Ligand code: GUN
Ligand code: ZN
């Protein structure tokens with residue numbers, strides 16, 4: 001499956017990555033090196049710069065892969081995705097709760113079988129790589145073996161994965177329910193087994209307030225207090241009838257956000273999927289707690305959840321930290337390019353705007369910052385892991401033509417065209433920690449052999 005890269009090698013191509021937040025620095029936040037050289041050593045970025053300046057530094061015998069005409073991007077990051085849902089993408093439901101009951105819960109029941117989980121984990125991770133995604137924050141199922149399968153397969157690939165066992169003690173079929181007590185114990189055992197092992201981190205994962213009792217949310221809060229480095233992932237304010245259900249189940253709460261707040265589930269490592277229908281007081285609380293609102297635009301259009309209010313989320317003086325995600329299988333594309341395009345569209349439909357550099361930042365450095373991992377992933381800065389994507393616009397004639405016609409345009413226009421017209425077809429190769437784990441047929445990069453041979 002995976003090629004063993006030499007300890008040192010170099011790639012030549014156009015280098016594009018975010019080095020800051022475009023909301024603060026505009027286009028200057030995107031470094032664009034038209035004829036660039038990227039040197040990789042021991043799985044990390046050793047140097048990057050202009051080919052003409054850096055080529056003299058290449059060591060004798062250091063393999064150089066010439067990817068002229070291609071674009072080198074940091075590996076894309078998906079901040080919210082369900083690996084057990086690969087089989088329910090595009091399944092029809094009346095709304096979120098109906099979709100969960102009719103399609104998602106039955107599909108997740110099969111993950112009690114470790115072999116089923118392993119096969120799904122392999123498909124899922126390979127699909128991420130085909131799409132240029134090298135890091136992801138992943139929901140497993142209620143079964144601990146589903147976490148083991150994903151983490152073992154991710155470890156074999158060397159991928160940066162944050163994952164957790166779903167905690168769900170009500171509102172779901174018996175085969176998918178744990179209890180406050182078993183959910184706590186199983187999560188604690190998984191934290192001990194996986195958190196901090198290689199590139200795996202753990203996320204305590206109460207699915208959402210609809211499927212967890214107060215006792216279980218209390219247990220989730222206890223896990224966070226007892227294991228300070230772990231993340232928290234859940235869903236928040238995705239659909240109106242979901243919110244009404246939560247307010248019925250927790251009659252003392254003035255808002256959905258207050259439910260999570262009461263049990264200590266907000267904070268800088270808390271990743272809250274969707275965040276569409278939020279009142280001002282909830283936005284203020286998310287901001288003050290430095291929680292992350294993870295936007296899932298293809299899911300929101302497919303399930304009819306609504307249009308996220310980006311201006312409200314970003315409004316000073318209390319901006320909410322943001323992430324971007326596919327939310328497969330509510331989401332409809334594994335591609336973070338398509339996810340960027342969909343965010344552009346939902347924001348436009350809401351009468352607002354996000355500039356293309358901001359979209360690209362969210363899928364790379366922004367998501368890395370949301371995870372507190374910007375020193376490791378999200379950009380091609382020296383010292384970061386050599387997680388990167390080789391994009392060949394020529395693989396999608398419509399994109400190649402658009403870029404040729406706009407050759408004089410700025411990086412912003414290029415990034416919007418890449419988002420809207422790009423998908424897995426334009427991904428020529430994907431490297432993880434310097435290893436080429438995916439290369440499409442006919443690529444200048446080969447998997448299974450050291451690059452440059
Ligand atoms: N809310 C609770 N569970 C889910 C899920 O699996 N997908 C989505 N989109 N929303 C949820
Ligand atoms: Zn989700």
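Results for (1) surrounded by fewer than 24 Cβ atoms within 10 Å (Cβ to Cβ); (2) within 16 Å of ligand 2 (Cβ to nearest atom); (3) more than 17 Å from residue 283 (Cβ to Cβ), shown as yes or no for each residue.
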| residue | (1), (2), (3) |
| --- | --- |
| 311 | yes, no, no |
| 321 | yes, no, no |
| 326 | no, yes, yes |
| 339 | no, yes, yes |
| 359 | no, no, yes |
| 373 | yes, no, yes |
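One residue stands out among those in region 32-45 that are touching a residue at least 40 places away in the same chain (Cβ under 8 Å) and surrounded by fewer than 18 Cβ atoms within 10 Å (Cβ to Cβ): the one that is farthest from residue 390 (Cα to Cα), which is 42.
The condition of being touching a helix residue (DSSP H, G or I) at 6+ places or on another chain (Cβ under 8 Å), part of a helix (DSSP H, G or I), within 27 Å of residue 98 (Cβ to Cβ) and within 16 Å of ligand 2 (Cβ to nearest atom) does not hold for residue 258. Scanning region 246-255 for residues that are within 28 Å of the chain's Cα centre (by Cα) and either surrounded by fewer than 16 Cβ atoms within 10 Å (Cβ to Cβ) or not in a loop (DSSP other than H, G, I, E, B) (or both) turns up just one, 246. Inspection of region 334-352 identifies no residue that is under 15 Å from residue 272 (Cβ atoms) and in contact with a strand residue (DSSP E or B) (Cβ under 9 Å, 6 or more places away or on another chain). The condition of being over 18 Å from residue 103 (Cα atoms), at pLDDT 95 or above and under 16 Å from the mean Cα position of the chain (by Cα) holds for only one of 320, 294, 308, that being 294. Cβ-Cβ under 6 Å, sequence separation 6+ or interchain: first residue in region 70-90 and at positive phi and surrounded by fewer than 23 Cβ atoms within 10 Å (Cβ to Cβ), partner at pLDDT 95 or above and not in a loop (DSSP other than H, G, I, E, B). Which pairs? Listed by first residue and then by second, the contacts come to nothing, as the list is empty. For residue 301, the conditions (1) surrounded by 19 or more Cβ atoms within 10 Å (Cβ to Cβ); (2) within 16 Å of ligand 2 (Cβ to nearest atom); (3) within 19 Å of the chain's Cα centre (by Cα) all hold with the exception of (1). In region 329-351, the residue that is farthest from ligand 1 (Cβ to nearest atom) out of those that are in a loop (DSSP other than H, G, I, E, B) and touching a helix residue (DSSP H, G or I) at 6+ places or on another chain (Cβ under 6 Å) is 335. Using the structure shown, decide if residue 29 is at pLDDT 95 or above and within 25 Å of residue 136 (Cβ to Cβ). Against the criterion (at pLDDT 95 or above and within 25 Å of residue 136 (Cβ to Cβ)), residue 29 qualifies.
The values are calculated or read from the model by the stated rules, or taken from the named source; none is laboratory data. Keep in mind that what you see is a predicted model, and the values were worked out from it rather than measured. Cβ coordinates were reconstructed from backbone atoms using ideal geometry, including for glycine residues, and neighbour counts include every protein chain displayed.
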